[in-house]
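To start, the structure itself, in structure tokens.
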Amino acid sequence: MRTLIIWPLLTAALLGGCAATPAGTPAATPPGSEQLTVQVIEELPHDASAFTEGLEYSGTTLYESRGLEGQSAITAGPPERRVAVPAPLFAEGITVLGPKLWQLTWRDGVAIERDSTTLHELRRVRYDGEGWGLCHQPSGRLVMSNGSSKLTFRNSQTFAETGSVDVGVDQLNELECVGDTVYANVWQTGTILRIDANTGNVTARIDASRLRTPVRPGEDVLNGIAAIPGTDEFLLTGKLWPSSFRVKFVPENQRTGT
């Protein structure tokens with residue numbers, strides 16, 4: 001997320017709030033959590049021009065939110081559909097709830113509700129603070145990140161805040177909900193956390209750093225997690241990555257292949 005780190009005009013002062021962990025390296029393991037890694041099942045093509053901010057399956061349709069001011073968009077497919085997000089909005093995480101989807105914006109304080117088939121905008125709802133990642137639980141409750149260690153719960157109809165939980169790990173970014181479990185990547189690292197949404201406890205740290213060694217540190221970072229329906233597999237990708245990866249999360253001693 002937070003793509004401003006790639007622009008030359010960014011000052012050292014702005015960088016002061018960013019994570020110090022080098023891009024692609026795993027974050028520290030939270031005490032008591034399981035340590036897992038990724039087992040690659042298949043490497044797939046990904047649009048290397050896509051500044052990925054959110055990734056989610058709904059049935060067989062893959063939705064992707066793409067960021068950058070003036071380049072933001074929402075895509076879905078196959079077959080591919082694409083709708084631009086008008087400047088100056090900077091698109092962020094998404095989640096799909098049947099006929100509708102929500103798309104966050106970074107510092108614009110706006111959540112966009114869309115028709116999940118046409119991708120057309122239905123309305124905009126204001127919220128306070130930054131928007132980073134978004135997913136939803138079976139109850140319909142939305143789970144949102146803002147770059148801090150907090151997950152915020154929201155009503156899926158009104159987008160009103162209904163509660164929050166602190167995970168204890170900063171820079172939570174792209175989210176994927178699987179039941180009451182939330183998977184969150186830690187910005188600028190190759191780490192995905194598995195979180196109990198009811199308690200905020202981190203139950204596993206998943207090291208996905210082997211998937212790609214960033215050639216533009218701070219820019220082409222891991223930032224796309226989509227659970228593949230009907231399986232225990234996930235599709236992972238990142239900003240400007242030329243590939244996405246179908247993976248399983250497994251203990252290191254059970255990993256085979258890449």
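Structure above, values below:
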quantity	calculated
Dipole magnitude of segment 21-254, debye to nearest 20 (Cβ charges: Lys/Arg +1, Asp/Glu -1, about Cα centre)	280
At most 12 other Cβ within 10 Å, DSSP loop - trypsin sites (Lys or Arg not before Pro), segment 122-162	none
Cut-off under 5 Å, modelled amide H: who pairs with residue 223 long-range	237, 238, 239
Karplus-derived 3J(HN,Hα), 6.51/-1.76/1.60, for each residue of segment 82-90, Hz, glycine and proline x	9, 10, 6, 9, x, 5, x, 5, 10
When segment 150-258 is reduced to its Cα atoms, the Kirkwood hydrodynamic radius in Å	14.9
Computed label-point distance, nm, for sites residue 199 and residue 253 using a 7 Å Cα→Cβ extension	2.4
DSSP-loop GluC sites (Glu not before Pro) across segment 58-163, with at most 14 other Cβ within 10 angstrom	80
HN-Hα J in Hz across segment 35-51 - Karplus 6.51, -1.76, 1.60, θ = phi - 60°, x for Gly and Pro	9, 10, 9, 9, 9, 7, 9, 7, 9, 10, x, 9, 5, 5, 8, 7, 8
In segment 34-109, the trypsin sites (Lys or Arg not before Pro) that fall in loop regions by DSSP, at most 15 other Cβ within 10 Å	107
Chain lengthening between residue 100 and residue 58 when straightened (0.36 nm per residue, less Cα-Cα)	14.0 nm
Per-residue HN-Hα couplings for segment 200-208 [Karplus 6.51, -1.76, 1.60; θ = phi - 60°; Hz; x = Gly/Pro]	x, 6, 7, 9, 7, 10, 10, 8, 10
Summed residue charge, Cβ within 9 Å of residue 162's Cβ, Lys/Arg positive, Asp/Glu negative	+1
Full-extension gain in nm, residue 87 to residue 35, via 0.36 nm per residue minus C-alpha separation	14.6 nm
At R0 = 22 Å, FRET efficiency that the Cβ-Cβ distance of residue 213 and residue 181 yields, to 0.05	0.20
Simple label model, 7 Å out from Cα along Cβ direction - residue 231 to residue 117, nm	2.7
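Where a number appears in this text, it was derived from the coordinates with a stated rule and is not lab data. Quick caveat: nothing in here was measured; it's all calculated off a predicted structure. Glycine also receives a Cβ, built like all others from the backbone with ideal geometry; neighbour counts cover every protein chain displayed.
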